[in-house]
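Encoded as structure tokens, the structure appears first; notes follow it.
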There are 2 protein chains.
Amino acid sequence: ELVLGVIEHLKPQSTPLTGKRVTITAGPTQEAIDPVRYISNYSSGKMGYALARAARNAGADVTLISGPVSLATPQGCQRIDVKSARQMHQTALEVATRSDIFIACAAVADYRVGDIAEQKIKKSNEQMQLTLVRNPDIVAAVASLAQRPFVVGFAAETQDVARYAKDKMQRKHLDMIAANNVASPDSGFNVDENALQVFWADGEKTLPRASKQQLADQLIKLITTQYQHETN
Amino acid sequence: ELVLGVIEHLKPQSTPLTGKRVTITAGPTQEAIDPVRYISNYSSGKMGYALARAARNAGADVTLISGPVSLATPQGCQRIDVKSARQMHQTALEVATRSDIFIACAAVADYRVGDIAEQKIKKSNEQMQLTLVRNPDIVAAVASLAQRPFVVGFAAETQDVARYAKDKMQRKHLDMIAANNVASPDSGFNVDENALQVFWADGEKTLPRASKQQLADQLIKLITTQYQHETN
């Protein structure tokens, strides 16, 4: 690994993102129910962290806004830890205004608990109603900023993947969207490999099954090309 | 650490639980909402795993029934992995019938989602109602077995710790209960130290703040004493 690291260091690097600020959200969010319980999802953060590594290798200044994961911070990246969707929303809006590219890879909870209990809820009834309220839509909020970065979204779907993804891209005014099928047992959450279908305004590309790092490298190249195309 | 291991190995061991089968539940449970979302809690499993190690060191045959945690299986212990409270309940009842001592250390979800969605739930409304239904009470079920083991429960509380714990012990017919205050920032879930108040029918003992392994060693000693007292 050391030898590979040295070779990597010596070979001429393609750093098309030098001087560019790339912000990436990663991991799940945790939405508190009470002091001990929460709602979350199976996102491991691996894809977002792989994208941070790929963007850094392409020369970018990378800020990673991360939900609770058990991953080491990629070398050379700045990392801001958050728990809830609302914390991630606030941090993302602050950082996005000074970003060139924003990649929303986190699996943000769509809903949070409306009324978080201050004490542990005692079980008393056979049934319990939990009222969930919508969380802010982070990627849509970033895409609607006056001075907006190039915005890339993700879509994790269990059915009609392409249709839902393209609809989401248009509805939220994203520049690009990367979709994957999380129902498939060998792709999506908490596995090391994945496959992606990437869509932008006038094109699309399928990135076939590969390691998340290989996919991240390919996706950063696609993003760089489209970013340069849109800003030139 | 190797030297300590050798010293540990050479010194005369006190193995009062030799030939005894000890079953320990550990970690959180995960209750699915849909294919990607779940409800869980902040339990790390550290206390249950420390108890498994302590019981094993005291000579017991240890079975660990574990929710999703990122911990290595303690040497010499058998480990059965489960996700939901219902899976843990079923496994616990099977294993408990052939156990001498049962320690319910897992932070089992009191409620599960009544109707788990087969597809990822699309966010559509501003509010969403999640109907939760009670999970089976694992420790109470084990304590009401005809051929019951010596049963130790845990109580994680954020207020009135001693009162809730003693009430829980009596209501569920436990032989012993270990209570901790999870509202305290330096004890309880996902930290390496803790403090316990232990209650049994005619006694109680406070185990002051210490590492979870030290507390586990002390608790296994207390359990052994009471177990021998009740079975002799």
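Structure notes:
- Single match in B:Val62, B:Val69 (criterion: hydrophobic (A, V, I, L, M, F, W, C) and either more than 14 Å from every other protein chain (Cβ to nearest Cβ) or over 26 Å from B:Arg98 (Cβ atoms) (or both)): B:Val62
- Of all residues making up the stretch B:19-36, the number that are of a type outside the set (Val, Ile, Thr), buried (at least 24 other Cβ atoms within 10 Å of the Cβ) and closer than 26 Å to A:Arg112 by Cβ: 3
- Selection status of A:Ala162, over 20 Å from A:Gly45 (Cα atoms) and touching a His at 6+ places or on another chain (Cβ under 7 Å): no
- Looking only at the stretch B:124-181, and only at residues there that are under 25 Å from B:Asp100 (Cα atoms) and aromatic (Phe, Trp, Tyr), the one that is modelled with the lowest pLDDT: B:Phe154
- Those residues of the stretch B:51-77 which are within 26 Å of A:Tyr42 (Cα to Cα) and either part of a helix (DSSP H, G or I) or of a type in the set (S, T, N, Q) (or both), in sequence order: B:Ser66, B:Ser70, B:Thr73
- Yes/no for A:Lys83 being within 12 Å of another protein chain (Cβ to nearest Cβ), assigned to a loop (DSSP other than H, G, I, E, B) and touching a strand residue (DSSP E or B) at 6+ places or on another chain (Cβ under 7 Å): no
- The number of residues in the stretch B:18-56 that are free of Cβ contacts under 8 Å to residues at least 24 places away in the same chain and away from every other protein chain (no Cβ under 14 Å) comes to 1.
- Evaluation of B:Val113 against (1) within 21 Å of A:Leu130 (Cα to Cα); (2) surrounded by fewer than 19 Cβ atoms within 10 Å (Cβ to Cβ); (3) over 18 Å from the mean Cα position of the chain (by Cα) (one fails), failing number: (2)
- Looking across the stretch A:139-167, just one residue is in contact with a strand residue (DSSP E or B) (Cβ under 7 Å, 6 or more places away or on another chain), of a type in the set (D, E, K, R) and within 14 Å of chain B (Cβ to nearest Cβ), and that is A:Glu157.
- For A:Asp100: the one exception among (1) charged (D, E, K, R); (2) surrounded by fewer than 16 Cβ atoms within 10 Å (Cβ to Cβ); (3) away from chain B (no Cβ under 13 Å): (2)
- When B:Ile116, B:Ile121 are checked against the criterion of being more than 9 Å from chain A (Cβ to nearest Cβ), touching a strand residue (DSSP E or B) at 6+ places or on another chain (Cβ under 9 Å), in a loop (DSSP other than H, G, I, E, B) and in contact (Cβ under 8 Å) with a residue 40 or more places away in the chain, B:Ile116 stands alone in meeting it.
- Scope the stretch A:28-49; condition charged (D, E, K, R), touching a helix residue (DSSP H, G or I) at 6+ places or on another chain (Cβ under 9 Å) and either part of a loop (DSSP other than H, G, I, E, B) or within 15 Å of A:Ser70 (Cβ to Cβ) (or both); matching residues: A:Lys46
- Subset of the stretch B:209-232 (residues that are among the hydrophobic types (A, V, I, L, M, F, W, C) and at pLDDT below 95): B:Ala210
The values are calculated or read from the model by the stated rules, or taken from the named source; none is laboratory data. The structure displayed is predicted, hence computed values, not measured ones. Using ideal geometry, Cβ is built from the backbone for each residue, glycine included, and neighbour counts are taken over all protein chains shown.
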